[in-house]
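**Student:** Pasting a structure here, questions to come.
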Amino acid sequence: MDGDERWRVLRLHVEDQVPLAALARDAGISARTLQRWHHLYRRGGIVALDPHPRADTGMPRTAATTVAFIERLALTKPRPSLATLHRLAVVEAQRQGALGPSYSTVREIVLALDPALVTLALEGPTSYRDRYELVFRRRADRPNQTWQADHTELDILIVGANGKPDRPWLTTVEDDHSRAICGYTVFTGAPSALNTALALRQAIWRKTDPTWAMCGIPDILHVDHGSDFTSHHLERTAIELHIRLIHSIVGRPQGRGKIERFFGTINTELLAALPGHLGPGSRKPEPALNLPDLDRAIGEFIATYNARIHSELGTSPHDAWVAEGWLPRMPDSLEELDGLLLTVPKSRTVQRDGIHFQGQRYLAPTLAPFVGHTITIRYDPRDVSEIRVYDHDTFVCVAVDEAHPNLRLSLRDIETARRARRRELRHSINDRIPSVAARVETQAVDPAPHRRRLRTYEED
């Protein structure tokens, strides 16, 4: 009987005031059923009279206590196997004097449980949140308003510095508005504040590749709670560059979903085609690439990624970032940026043949006055062909590795620096000699004022 038929019967009681007992007798419907219809009508109107299918439609009729017993076991951590559930359900039904359910009935009861309920009960709130909780997604209003930075361990083995297989990491900085990759760094070993600084340095400063236009200082930098992202140095750098640093909630990666999707793209589209990929079925692949090879491959892939159409934006990340033309906020100089980001300060003493560092010698004519002095150097671990020299936090010069392929110092440069230093010292000596000579002559003419009298005491 559908809802209209039920209403035609119940209307006699609602509108014509026919008692339910008389109506039940005349219509051949139980008074209890009419009372239930009347209750539904009062709560939801005529629409509530429409019949609703049972939740257990198509399932064998099993005692409610047995169903509850099976569901309770199925939501218990760790969940028993179906065979164990069936055996325990039969024992429980026999204890209550009822007919035990079949194996297929137990299976249907378990499969009918709400997946969200099962996830929460068996895997915990974190898995439930990541799969079933509603997420609010937003997009930054303009380029460089919000950047995201994060690390991932790549699914590939490379030849490490010691010749053994090593698994590298990737740090990436992504613009939230355009989805453009602004900077990255590939490294081995655990993530550190240095790797974050190197990726930010590349992201902020202008690139040598004119097609990689992304640069500038973001208004907001969104990071997680890793030790490198919560370092005091990164906080100080953010203050100096006027960047608002936002840390995601611990254990809640949803706020970094966009950059996580890029990491998935790297693993599936790039690394799967490279030797040494750690994919399904490859238990121990043979590494063939070294770190510079992988760095070049990732750089080429990022160039392609920034130029191709993004499915959600309808345009390329490059075009979305460039938009109709605008000027990003930039640091005053690369030296200023390096002073804030490159946090690898090392103290070195300037030797006669330059600065010795990591088995190499670095020279610059400007170092001539600092021979024998202790200075501070800062360097980019990805490119040790040159180092930046500081004296008490004051930038002095860029010293170049003597084996640098493009920037070699000539003997003429070194001799010019030597002569300039000698002239400076000669001038300083000549300025001091007259005053020293005058003091010596004065002491020779009248030595008495400097002669001490012998003290005598009463007992002598």
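**Student:** Pairs only if they're at least six apart or on different chains, beta carbon under 7 angstrom, first in the range 271-299 and in the same structural domain as Leu170 (by TED's automatic domain parsing), second among the polar types (S, T, N, Q) and surrounded by fewer than 17 Cβ atoms within 10 Å (Cβ to Cβ); list them, first residue then second.
**Tutor:** Every condition considered, the pairs that remain are Leu291/Thr188.
**Student:** Separate question: Write out, first by first residue and then by second, each pair whose Cβ atoms fall under 6 Å of each other, whose residues are 6+ apart or on separate chains, and whose first residue, in the range 243-266, is more than 20 Å from Ala180 (Cβ to Cβ) while the second is outside any helix (DSSP H, G or I) and at pLDDT below 70.
**Tutor:** As it stands, the answer is His247/His225; Val250/His225; Gln254/Val135, since those pairs meet every condition given.
**Student:** Could you check Arg201 against (1) assigned to a helix (DSSP H, G or I); (2) over 21 Å from Asn306 (Cβ atoms) and say which number it fails?
**Tutor:** Answer for Arg201: the failing condition is (2).
**Student:** Something else about it: Which ones in the range 304-329 are touching a Ser or Thr at 6+ places or on another chain (Cβ under 6 Å) and touching a residue at least 12 places away in the same chain (Cβ under 8 Å)?
**Tutor:** Once the filter is applied, which keeps residues that are touching a Ser or Thr at 6+ places or on another chain (Cβ under 6 Å) and touching a residue at least 12 places away in the same chain (Cβ under 8 Å), the range 304-329 yields Ala307, Pro317, Ala320, Trp321.
**Student:** Looking only at the range 260-307, count how many residues are loosely packed, with under 13 Cβ neighbours inside 10 Å, modelled with pLDDT of 90 or more and of a type in the set (D, E, K, R).
**Tutor:** 3
**Student:** Let me ask something else. Go through Asp176, Asp141 for me and flag whichever is in contact (Cβ under 8 Å) with a residue 12 or more places away in the chain, among the acidic types (Asp, Glu) and assigned by TED's automatic domain parsing to the domain that holds Gly279.
**Tutor:** Unique residue meeting the criteria: Asp176.
**Student:** Return the residues of the range 126-138 that are surrounded by fewer than 14 Cβ atoms within 10 Å (Cβ to Cβ) and either modelled with pLDDT of 75 or more or under 21 Å from the mean Cα position of the chain (by Cα) (or both); say none if nothing qualifies.
**Tutor:** Thr126, Ser127, Arg131, Val135, Phe136, Arg137, Arg138, listed by residue number.
**Student:** Just need a number here: residues in the range 156-188 that are more than 16 Å from the chain's Cα centre (by Cα) and outside any strand (DSSP E or B).
**Tutor:** 10
**Student:** Look at the range 308-356 and say how many of its residues are modelled with pLDDT under 90 and polar (S, T, N, Q).
**Tutor:** Qualifying residue count, the range 308-356: 4.
**Student:** Given the criteria assigned to a helix (DSSP H, G or I), modelled with pLDDT of 90 or more and touching a Leu at 6+ places or on another chain (Cβ under 7 Å), does Arg107 qualify?
**Tutor:** Judged against the criteria, Arg107 is a match.
**Student:** If you don't mind, another one. Among residues belonging to the range 112-125 that are surrounded by 12 or more Cβ atoms within 10 Å (Cβ to Cβ) and part of a helix (DSSP H, G or I), point out the one that is nearest to the chain's Cα centre (by Cα).
**Tutor:** My answer is Glu123.
**Student:** Right, next: Considering the range 214-257 alone, what residues qualify as being within 12 Å of the chain's Cα centre (by Cα), buried (at least 18 other Cβ atoms within 10 Å of the Cβ) and at pLDDT 80 or above?
**Tutor:** Leu221, His222, Val223
**Student:** Within the range 51-67, identify whether any single residue is loosely packed, with under 15 Cβ neighbours inside 10 Å, under 58 Å from the mean Cα position of the chain (by Cα) and at pLDDT 80 or above, and answer yes or no.
**Tutor:** yes
**Student:** For the range 50-66, does any single residue satisfy the condition of being in contact with a Pro (Cβ under 6 Å, 6 or more places away or on another chain), farther than 28 Å from Arg131 by Cβ and outside any helix (DSSP H, G or I)?
**Tutor:** Yes, some residue in the range 50-66 is in contact with a Pro (Cβ under 6 Å, 6 or more places away or on another chain), farther than 28 Å from Arg131 by Cβ and outside any helix (DSSP H, G or I).
The values are calculated or read from the model by the stated rules, or taken from the named source; none is laboratory data. Source: prediction; values computed, not measured. In this analysis, Cβ positions are derived from the backbone assuming ideal geometry, glycine residues included, and neighbour counts consider all displayed protein chains.
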